[in-house]
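One structure below.
The values are calculated or read from the model by the stated rules, or taken from the named source; none is laboratory data. Computed from a prediction, not measured in an experiment: that's the story for all the values here. Don't worry about glycine lacking a Cβ; one is built from the backbone with ideal geometry, like all the others, and counts go over all protein chains shown. Just so you know, the surface numbers come from the protein's heavy atoms only, side chains and all, with ligands and any DNA or RNA stripped out. Shrake-Rupley method; radii C 1.70, N 1.55, O 1.52, S 1.80 Å.
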Amino acid sequence: MNEMTTIKTSPKDWETDQEVRWCPGCGDYAILKAVQRTMPELGVRPENTVFISGIGCSSRFPYYMETYGFHTIHGRAPAVATGVKLANPELDVWIITGDGDALSIGGNHTMHILRRNLDCQILLFNNEIYGLTKGQYSPTSRVGTRSPSTPFGSVDRPATPCSFALGSGARFVARGIDTHKSLPSVLKAAHAHKGASFVEIYQNCIVYNDDVFAPFTEKKAAPEGQIWVEHGSPVLFAGGTKGLALDHQNLRLHVVDVADGDWQAAGVIVHDETNRGLAQMLIDYAPGEGGPVVLGVIYNSPRPTFDSAVIEQNEAAAKGKKPDLQSLISKGQTWQVTKEPHAL
Amino acid sequence: MASAARELTPREASAHPAPEAVVVRFAGDSGDGMQLTGGQFTLSTALAGNDLSTFPDFPAEIRAPQGTTFGVSAFQINFGSTAIETAGDEPDVLIAMNPAALKTNSPSLKAGGLIIADEGEFTARNLAKAGYPDGVNPLHDGSLAKWQVISFNISQLTMDAVKPFGLGNKEALRCKNMWTLGLALWMFDRPREPIVDWLKGKFSKAPVLADANIAALNAGHAYGETAEIGGPMKQHHIDPAPAEPGLYRTVTGAESISFGLVAGAQLAGLPMFFGGYPITPASAILHHLSRLKEFGVTTFQAEDEIAAIASAIGASYAGSLGVTSSSGPGVALKGEAMGLAIMTELPLVIVNSQRGGPSTGLPTKTEQSDLYQAVYGRNGDAPMPVIAARSPADAFECAIEACRIATQFMTPVMLLTDGYIANAAEPWKVPDMSGYEPFPVSFKTDLPAEGEVLKPYARDEKLARPWIKPGTPGLLHRIGGIEKQVDTGHIDYAPANHQRMTDIRKDKVDGIANHIPDQEIELGNATGKLVIVGWGSTFGPIHQAVRRARRKGLDVSHVHIRHIWPMPKNLGDLLRGFDKIIVPEMNTGQLKTVLRDQFLVDAKPLNKVSGQPFRIAEIEAAIEAALA
């Protein structure tokens, strides 16, 4: 996003008159509310904001945001967004996608938009299932997921979205939960980061994959199941009674108990969001692997964006040249015919 | 040597007329630099004022095994003092740099034509690689008797010429193509200066290479001048071709399309965004445009064909003229995105440089087999205008026309060209840009009237919807690939609405026929016994064949269609004015089928899918057979 005159809006200003058509109880409602609550805090103008999506339940999102919106085709939102941003870098571009859209059919585009570092926010709603096509397993579904296409359980290993992002060269990687109160602050950080900001949002599909994240999202599981990281703060959870420390011998993170709040004595690490190696370890600390899930801004280390580099080069290459088409086509090895033609 | 039948001029009727057109084919190993040699000979020929047409014919492999027949790269040029419209049926002169080049190219050589062969390369090893039986050397076994053969050791002569520069053997032999070019320049009395200048520029960082190549060029030229070979190896002079006064240059289709797209964007008053993915033979357009940033051109080499078109659609949505280009396989990948552009009614130009198919097919060979793909190749009822260029020079006009239709009607437009047009060069009278009527785009910025709702899918008199750029205050709306409600553009699955929107999309594209020129007749009468209907790069051979047949008194006309979809309004009546219709195409009969479907006429196919352009004689024979 670009520097813009801060303007005052309310969440209501970001709602459209369109009837929201997700299933009752879908996690997407909570994410929509969180985004609509976040937008006023960013001080941006609705008309300079574009929501671009692919195909899937999540990709209906743009219809419900009172901004410009483009509901494109399956997997291709990053490519459309690249054209939009390069054509008008003043626009604030948000990409809404899902686990199938971003990591299966559109995996290639997700990789390249992150590698190029196009200035935009990418919100990946991960529900570990294909909802819109009625419940087939997805590239993030866990091994053994029973679905219409895998009645005996899926046998392929899932992708880890944040790991994919980091491996693709993303400079901002964060995680959130659809219904969690911290989602707006994650979205704000994503918006503040100049470049491709990748946010994985655990989103509950109430119809086809209900409660798949419950082991760490349920109220009573949350303290032990969620580790919210913050730059410069110790990585603590369970009300400060536990933390993550580095097992130097094996170069991996492990959980340590913190007695009397003395996290330093317990060897708890301090989160450094610019440390890529640490980010990788935090991401890998994932459910299904026996540990709690790391959430919040995991990696944030900006570098120049693709759009700014393209514009800079366009301007440098055009500098001092006149866009004179007549002279362009008259250039090169030319010859002049002066005589009148004679009949053939 | 004349390629066109016509009445003899007094000069030609004299005992030793100068030839009016000559076809020369340079053939060698793909590492021998034949395309470069041909390109430079073309330049020199254009500067000498001849009309010309070229046909680069090269293998798909970058470096096929040396000396093999499938590694042969050839460049054919037809040049003369009269109008030249094809690269020539049969070469008059074949320059063969090795046995494989001789073997693959001599069959097309005109009887009595001249073969110049590099004897130094006709070693036992190279002969075997070319597939000649043990102990057989075509230069000595009389198998080339119907042609005139001159052979000398070009390799050795080149080595001798560049000796003073101390190059290694391999580098020295690389100058062979310049030696050959020097000889060809002498044979046809062409100036060497432009080549010398070009070499100096090309090797400005390695002056010794420039000097060695110039020395080889001069040595080849001097050889022609001084060697006492006599006989067929004589100097020819081809007079300049008559042409309209004006400034000329040579242009390839890839160049002219790039220029035309820039011109189209300028006439529309828009910046251009080009999303492309490398593919033969379309990549050259991406290369040309990427150098034209001062014209407001942004080029983006995308991660794949789909991203290339999707980014162009995004750019169009944001207010640029989105353009993408590819060849058949890539266009297939873009199909779904074309549907999105049709559904969201955004301007977009898709250039298809056709090549032999299906699948990977013949990447470097020409074909016209993507017409069905262009007209019909999408899911759903997805009408899209299609325009086809007939020649490198014509591609400039077609590119402008594609931009005009895309922006005026808010629609994707397919521009068909092919490998032949993309790579071939022809003289081009540089157009006066002030003669083109601008078609400026106006974005919608005015707010709906009090009590009115915003209608992003309202229609103007052409049935085009307004173009609203993101960033415009007060006109926020959402678009997408789901069926749109009439006027408001909201999602709407209602049966009656889908019927109406489908009708509107069809009527909009059909209505373009009211805004394009009537179909003209290229040659011949507006009614008669036979009409030859063509499209695309078959223009040259069809035109020449019809011209020859008419000079023999046959009642035949030539119609060449630029607007493939929608077709010109008068085309049906025009075709019905002829007893017979023949449609020559480099496919198995695609335009033929469309014509039958659209007009219920008995169009007959004439097909060729060998990867080579039609020869004039092939079409001429079909005309004669039809009128016999």
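Close amide-amide hydrogen proximity is noted between A:SER197 and A:CYS120, A:GLN121, A:ILE122, each under 5 Å apart and 5 or more residues distant or on a separate chain (H modeled in the peptide plane; Pro and chain starts excluded).
Per-residue 3J(HN,Hα) values for segment B:237-253, derived from phi via the Karplus relation 6.51 cos²θ - 1.76 cosθ + 1.60 with θ = phi - 60°, read 10, 10, 5, x, 7, x, 8, 4, x, x, 8, 10, 8, 8, 8, 9, x Hz in sequence order (x marks Gly and Pro). Pairs of Lys residues in segment A:210-344 that lie 8 or more places apart, or on two chains, and have C-alpha atoms under 24 angstrom apart add up to 6. Probing with 1.4 Å while keeping every protein chain in the model, the per residue accessible area of chain A equals 43 Å². Under the combined filter of DSSP loop state and at most 12 neighbouring Cβ atoms within 10 Å, segment A:256-329 retains these GluC sites (Glu not before Pro): A:GLU289. Packing-based ranking of B:51-59, B:263-271 yields B:51-59, B:263-271, ordered from highest to lowest mean Cβ neighbour count within 10 Å. For B:LYS444, the aspartates and glutamates whose Cα falls under 17 Å of its own Cα, not counting residues fewer than eight places away in the same chain, are A:GLU47, B:GLU345, B:GLU452, B:ASP460, B:GLU461, B:ASP487.
Measuring between alpha carbons in the structure, the pairs from B:LYS334/B:LYS506; A:LYS188/B:LYS484; B:LYS365/B:LYS469; A:LYS8/B:LYS469; B:LYS129/B:LYS170; A:LYS33/B:LYS334 lying more than 30 angstrom apart are A:LYS188/B:LYS484; B:LYS365/B:LYS469; A:LYS33/B:LYS334.
The listed peptides B:175-181, B:126-132, B:433-439, A:74-80, ordered by packing as a protection proxy, come out as A:74-80, B:175-181, B:126-132, B:433-439 (highest mean of other Cβ atoms within 10 Å first).
Distant-in-sequence amide contacts of A:GLU15, defined by a placed amide H-H separation under 5 Å and a gap of 5 or more residues or a different chain, comprise A:GLU66. Loop-resident chymotrypsin sites (Phe, Trp or Tyr not before Pro) (DSSP state other than H, G, I, E or B) in segment B:468-550 with no more than 13 further Cβ atoms inside 10 Å of their Cβ: B:TYR493. Across all directions, the average flat footprint of the convex hull enclosing the Cα atoms of the protein assembly as shown is 48.3 nm². A Förster distance of 41 Å, applied to the separation of the beta-carbon atoms of B:ASP597 and B:ASP460, puts the FRET efficiency at 0.85.
Backbone phi angles across segment A:47-64, fed through the Karplus curve with coefficients 6.51, -1.76 and 1.60 (θ = phi - 60°), yield HN-Hα couplings of 6, 9, 9, 10, 9, 10, 9, x, 10, x, 4, 4, 6, 6, 3, x, 5, 9 Hz in residue order; Gly and Pro are listed as x. Once the Cβ-Cβ distance of A:ILE206 and B:GLU61 is raised to the sixth power relative to R0 = 35 Å, the FRET efficiency obtained is 0.05. Listed by chain and number, the lysines whose C-alpha is less than 27 Å from the C-alpha of B:LYS529, apart from same-chain residues fewer than 8 away, are B:LYS552, B:LYS569, B:LYS580, B:LYS592, B:LYS604, B:LYS608. Which of rounded, prolate or oblate describes chain B when judged by the alpha-carbon gyration tensor and an a/c cut-off of 1.5? In terms of gyration-tensor shape, prolate.
Here the Karplus relation 6.51 cos²θ - 1.76 cosθ + 1.60, evaluated at θ = phi - 60°, turns the backbone of segment B:214-225 into coupling constants of 5, 5, 5, 4, 5, 5, x, 5, 5, 4, x, 5 Hz, with x for every Gly and Pro.
For segment A:89-152, trypsin sites (Lys or Arg not before Pro) are listed when DSSP marks them as loop and at most 16 other Cβ atoms sit within 10 Å of their Cβ; the list is A:LYS134, A:ARG142, A:ARG146. Applying 1/(1 + (r/R0)^6) with R0 = 35 Å to the Cβ-Cβ distance of A:ARG37 and B:TYR493 gives a FRET efficiency near 0.70.
Give the separation of the Cα centroids, segment B:419-454 to segment A:60-83, in Å. Each part reduced to its Cα centre gives a spacing of 26 Å. Partner shielding of A:103-111 amounts to 2, given as the average count of beta-carbon atoms from other chains within 10 Å of each residue beta-carbon. Within the same chain, aspartates and glutamates fewer than 8 places from B:LYS200 are excluded, and of the rest, those with a Cα less than 15 Å from its Cα are B:ASP211. Taking the protein heavy atoms of segment B:390-486 in the context of the full set of protein chains, the accessible area attributed to carbon and sulfur is 49 percent at 1.4 Å.
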